[in-house]
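Asks: A single structure is presented below for examination.
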Amino acid sequence: MSESRPSHFPPGTPVGEHYTVEGLVRLAEGRMFYLVTDARPDKPMRKCWECGEIGTPRSEKACRSCGAAFKDRRFLMSARWESALFEAYEAYFAKGLSHPGLASPLDVFRQAEQLLSIVAYNGEGLMIDEASPLPNQRILDVAQRIAGTLAFLHVNGVRLRALTRANLLISPDNTIRLFDMDVVDAGDVAVTNGLRGAEMVSVGELLRRYCDVDSDVLAEFMETAENGSFEAPSQFGRAAEQRYETAAAAVYRPLRGAMSDVGLTRQGNEDNWGWKKLSERAQLFVVADGMGGHDSGEVASMIAVQTICRVARANEENVAGIEQVEAALDNAFQTANNAIKEHAEEKGTDMGTTLVCTLLFEGRTAFVANVGDSRCYMVRDNKLIQVSKDHSLVAKMVEKGRITAEEARNHPHSNILLRTVGTERDVDIDIFRVDALPGDRFLMCTDGLWGEVEDRDIEAIMVQYPDPRIAARELVRAAHHGGGKDNVSLVIMTVP
Ligand code: CA
């Protein structure tokens, strides 16, 4: 996304013909979400939302045409600014499509070089606020819901560039509806065969992130979608339905939580996270914070997470015992390093990433490995302990006693890293071996968390919320309260 995030509309800003901004409620990649009301003191007439009549004076209590009593209404408004997609979304709106899986816009208009889209608001939630993992049954329900809705859109000539979490609205009855999608085409003829599978790649990626680490069967199913194996939403929907028997009944203890959030000022999200069941005895949990011009930071962190998960899984078969885990991890880091470096050279650009991971082996040994300043903490006996060491200039200055830890937080060079993945031929990694106890929790996070929230506050939240999904959400919220200047991503893993 090259166009930068515009400044937001302050509360009280009139938007469109009928609305006033109540407040900005949330930011996502390429989106801003507001609550708006239909209060418009500057307009003599008011619109009736029952019949559409717009000629009733504001002083009257009921619609002049249908007699419905006026009441104050609230709406959810989405604002976006990638202008290349404006026209296609307007064409989609003009079709006036209605389907149970769609939160159809009531109004779409342009203002301040943004495309604003209004939907009814009845206490809906946003999928971007849902931490991973979700129960298998829920994931399969959402998969079917999305498949049915995309199939409907295709019949009506509507095609999306991709589906993201920011396009999913959660109704109070917990059903999912699509809204404010990145429509690329809204034509008169049904989407043709060759194009009907395109969105399924993004749907697979979207839903894989909600699969628990133990749910490798469902995660692998989503990976097949991600790899482009489905030619149409209906085919994916049927395959998901077949998974009900095998996967829907599985229920996992609340041992894990993960979330990645764009924050309050950044345009895109360059962080990535992942987890992978390597075998019956080993699981891997990863967080990465990418850097580089244009979109290359998010590419670097994505390559890092994907590569380390894939290679660690492949290496796992050759790990005969615990003494070989470190070498296998080192190899996985090197492979990720080379993959990013090669990609960067191919693209003629610079990119790199931090990488921190915890490999839990046989449920009792945690191998923590890192490069850069994304951190791993452990919570044991209600105490937060930093396990990894930052490879940053300020961390080195603190180590040498030149500045205090407090001064490091606000140091002008706090973002200078001494080591990253993907920038040199070889990468030097640190590995810490921890004898894990049942109930220990490991928190991997980017500097968007620890830079905004002090360790004692991270500790307080971790202690207060033993459920990792809730803790993940609260930590993201705390990062916002701290300023939200950076992307924030975190993974929490509890030792069973
Ligand atoms: Ca960061």
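The numbers here are math on the coordinates, done by the rules we state, and not lab data. All values derive from a computational prediction rather than experimental measurement. Cβ atoms come from the backbone with ideal geometry, glycine included; neighbour counts cover every protein chain shown.
Asks: For the chain, can you list the cysteines whose C-beta has no other cysteine C-beta under 4.7 Å from it?
Replies: By the Cβ distance rule, which asks for a partner under 4.7 Å, the isolated cysteines are 211, 309, 357, 376, 445.
Asks: Just how far, in whole angstrom, is segment 384-424 from segment 139-196 if you go by their alpha carbon centroids?
Replies: Answer, in whole Å: 44.
Asks: Where a Cα-Cα gap under 17 Å defines reach, which lysines qualify for residue 400, not counting those fewer than 8 residues away within the same chain?
Replies: Qualifying lysines at Cα under 17 Å: 389.
Asks: Sorted by packing (mean other beta-carbon atoms within 10 Å per residue), highest first, where do 184-196, 453-465, 348-360 land?
Replies: Values: 184-196: 13.7, 453-465: 16.8, 348-360: 24.9.
Final packing ranking: 348-360, 453-465, 184-196.
Asks: What do you get for the angle between helix 198-208 and the principal long axis of the chain? Use alpha-carbon atoms, 0 to 90 degrees, nearest ten.
Replies: 60
Asks: Relative contact order for the chain: what percent, with Cα pairs under 8 Å and sequence separation of 6 or more? Walk me through the numbers before you get to the answer.
Replies: Numbers: 1100 pairs, mean separation 62.3, N = 496.
About 13 percent, as a whole number.
Asks: How much length is gained if the chain between residue 314 and residue 87 is pulled fully straight, taking 0.36 nm per residue apart and subtracting their Cα-Cα distance, in nm to one decimal?
Replies: The span from residue 314 to residue 87 would gain 77.1 nm if fully extended.
Asks: Cut-off under 16 Å on the C-alpha distance; same-chain residues fewer than 8 positions from residue 95 excluded. Which aspartates and glutamates are left, in chain and number order?
Replies: Here the aspartates and glutamates satisfying the reach criterion relative to residue 95 are 87, 107, 180, 182, 185, 188.
Asks: Quick one: if the Förster radius is 60 Å, what FRET efficiency do residue 460 and residue 69 give, using the C-beta to C-beta distance and rounding to 0.05?
Replies: E between residue 460 and residue 69, to the nearest 0.05, is 0.80.
Asks: Treating the beta-carbon of each Lys and Arg as +1 and of each Asp and Glu as -1, no other charges, what is the dipole magnitude of segment 256-494 about its Cα centre, to the nearest 20 debye?
Replies: 400
Asks: For helix 468-481, report the angle its Cα long axis makes with the longest principal axis of the Cα atoms of the chain; keep it between 0 and 90° and round to the nearest 10°.
Replies: Rounded to the nearest ten degrees, it is 70.
Asks: Something else: Measuring from centroid to centroid over Cα atoms, what is the spacing of segment 251-284 and segment 22-93 in Å?
Replies: For segment 251-284 versus segment 22-93, the Cα centre distance is 36 Å.
Asks: Taking the number of other C-beta atoms within 10 Å as the exposure measure, put 437, 115 in order starting with the fewest.
Replies: Values: 437 12, 115 21.
Taking fewest neighbouring Cβ atoms as first place, the list is 437, 115.
Asks: In degrees, nearest 10, range 0 to 90: what is the angle between the Cα axis of helix 86-95 and the longest Cα principal axis of the chain?
Replies: Between helix and principal axis, roughly 50 degrees.
Asks: Hey, for a label at residue 383 modelled as a point 7 Å past Cα toward Cβ, could you say which residues of segment 450-484 have their backbone N under 20 Å away?
Replies: Answer for segment 450-484: 454-466.
Asks: Next question, about the same structure. Counting pairs of alpha carbon atoms under 8 Å apart in space and at least six apart in sequence, what relative contact order in percent does segment 218-372 give?
Replies: 21 percent.
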